[in-house]
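Asker: One structure coming up, written as structure tokens, with questions to follow.
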Amino acid sequence: MNEESLTRAAQMLRAGDVVAFPTETVYGLGANALDGDAVKKIYRAKGRPAHNPLIVHVTSIDQARELVADWPQQAEKLAAAFWPGPISLVLRRNPARQIPDIVTAGGDTIAIRLPQHPVARKLIELSGCPLAAPSANASNRISPTQANHVLASLGGRIPLVLDGGGTNAGIESTVVDLTGDVARILRPGSVTALDIRKVLDAKVTEKASDKRPETLKSPGQLEVHYAPVTPLWLFGYGDIDGIRSGIEQLSAQGKVAIVAISESVNSACGITVAMPADASGYARELYRVLHDLDSRGLTTILWELPPDDTEWTGVRDRLSRAGKPFV
Ligand code: TXA
Ligand code: MG
């Protein structure tokens, strides 16, 4: 990424435009978080409902503190341990309200993240303002981990995409609510509940992965989210033998892909994709494989869930929102 394109992007942000840029999780669609009209363009380009608040990206803890009413001990500890990095902290919003209501969907809390990706950091620095940025995809579609994913989803609707290659973490940041006495994970990610518990040395609650209206507290947790257009069915880890007859039936009707970690999957089926056996490698590949398979005109994608362990929580969460159980 050359200095010139970054400077131009920063100028566009200052002038009230939106710019897509890489972060270490997924590509974001950024706008000056202090400019309500600029932020409106994000909602318009994505077709995002106004009740879903945005994460504000900063380059320093000082910049984060300016946006909040208070900076609790827990925020200090988590920022020291994980920032810059893939964790967003939900805090009480500064009542002076320099951040317009459209960013927080009118709520009295604000989600803040200090990203690690050099392009993201440089862009916030050069633009001189905090950047509101959701994932750079049309609402409810798969998040982009490459510049071409952004173009496929939003091309023609946004003026610029900064290409920083493939992202590293691959799934969106962990979102942690610190407005109560006990830290609460609203969206799991590559920073796990265990990681957070260790740093806080305190209890951490995890929002059950149910789909009841209470979860609207973080609307990114709505059931249909991160979804491909191709029907996606999920089966349990190591359960391939249990669904063989189903696979045969589906294969007779159309083109099927099977995605799995287990080697046993090397079946007679058309396309098989072997996923990495480690959680971070898997997360890095997840959306790329989803985007790729979704562009192939398949009838069905069958996907093996990874093991039900803490380190896999983020990946399992995204998959459970992208597909339905194959029974
Ligand atoms: O990794 C990421 O977080 C990426 C990159 C671009 O930073 N961004 C991202 O943004 O995933 P988005 O808008 O796709 O998801 C933000 C999530 C949504 O589930 C939203 O509801 C939640 O964060 N959120 C934002 N502000 C919130 C708030 N004040 N309270 C609770 N949840 C909030
Ligand atoms: Mg998103």
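The values are calculated or read from the model by the stated rules, or taken from the named source; none is laboratory data. Only a predicted model underlies this, so the values are computations on that prediction, with no experimental measurement involved. Ideal geometry is used to build each Cβ from the backbone, glycine not excepted, and the neighbour counts take in all protein chains shown.
Asker: With the condition kept exactly as written, say whether any residue in segment 126-135 is more than 12 Å from ligand 1 (Cβ to nearest atom), within 24 Å of Glu311 (Cα to Cα) and touching a residue at least 24 places away in the same chain (Cβ under 8 Å).
Answerer: no
Asker: Which members of segment 146-166 meet the condition of being away from ligand 2 (no atom under 12 Å from the Cβ) and polar (S, T, N, Q)?
Answerer: Passing the criteria: Gln146, Asn148.
Asker: Please go through segment 37-54 and pick out each residue that is crowded, with 16+ Cβ neighbours inside 10 Å and away from ligand 1 (no atom under 13 Å from the Cβ).
Answerer: If the condition is that a residue be crowded, with 16+ Cβ neighbours inside 10 Å and away from ligand 1 (no atom under 13 Å from the Cβ), then Ala38, Lys40, Lys41 are the ones that fit.
Asker: Scan segment 227-239 and report the pairs whose first residue is more than 12 Å from Leu305 (Cα to Cα) and whose second residue is outside any strand (DSSP E or B) and among the β-branched types (Val, Ile, Thr), with Cβ atoms within less than 9 Å and a gap of 6+ or a chain change.
Answerer: Close Cβ pairs satisfying both conditions: Ala227/Ile142; Pro228/Ile142; Thr230/Thr299; Pro231/Thr299.
Asker: Can you find, within segment 312-325, the residue that is surrounded by the most Cβ atoms within 10 Å (Cβ to Cβ) among those that are at pLDDT 95 or above and of a type in the set (D, E, K, R)?
Answerer: Ranking the qualifying residues of segment 312-325, first place goes to Arg318.
Asker: OK, next. Can you confirm whether segment 122-137 contains a residue that is out of contact with any helix residue (DSSP H, G or I) (no Cβ under 9 Å at 6 or more places or on another chain) and either more than 28 Å from His291 (Cα to Cα) or within 16 Å of ligand 2 (Cβ to nearest atom) (or both)?
Answerer: No, because not a single residue in segment 122-137 is out of contact with any helix residue (DSSP H, G or I) (no Cβ under 9 Å at 6 or more places or on another chain) and either more than 28 Å from His291 (Cα to Cα) or within 16 Å of ligand 2 (Cβ to nearest atom) (or both).
Asker: Can I ask one more? Which one of the conditions (1) away from ligand 2 (no atom under 16 Å from the Cβ); (2) over 16 Å from Ile55 (Cα atoms); (3) part of a loop (DSSP other than H, G, I, E, B) does Ala169 fail to meet, given that it meets all the rest?
Answerer: Every listed condition holds for Ala169 apart from (1).
Asker: Counting only residues that are farther than 19 Å from Val199 by Cα and out of contact with any Leu (no Cβ under 7 Å at 6 or more places or on another chain), give me the helices (runs of 4 or more DSSP H) lying completely in segment 37-120 with at least 1 of them.
Answerer: Fully inside segment 37-120 and qualifying: 61-65, 101-104.
Asker: Same structure again: Within segment 292-311, count every residue that is in a helix (DSSP H, G or I) and either at pLDDT 95 or above or within 16 Å of Met275 (Cα to Cα) (or both).
Answerer: Adding up the residues that qualify gives 4.
Asker: Please go through segment 204-249 and pick out each residue that is assigned to a helix (DSSP H, G or I) and either at pLDDT 90 or above or away from ligand 1 (no atom under 15 Å from the Cβ) (or both).
Answerer: Ile240, Asp241, Gly242, Ile243, Arg244, Ser245, Gly246, Ile247, Glu248, Gln249
Asker: Suppose the filter is free of Cβ contacts under 8 Å to residues at least 24 places away in the same chain, over 14 Å from Gly189 (Cα atoms), surrounded by fewer than 20 Cβ atoms within 10 Å (Cβ to Cβ) and not β-branched (Val, Ile, Thr); does Gln253 pass it?
Answerer: Here the answer is no, as Gln253 does not meet what is asked.
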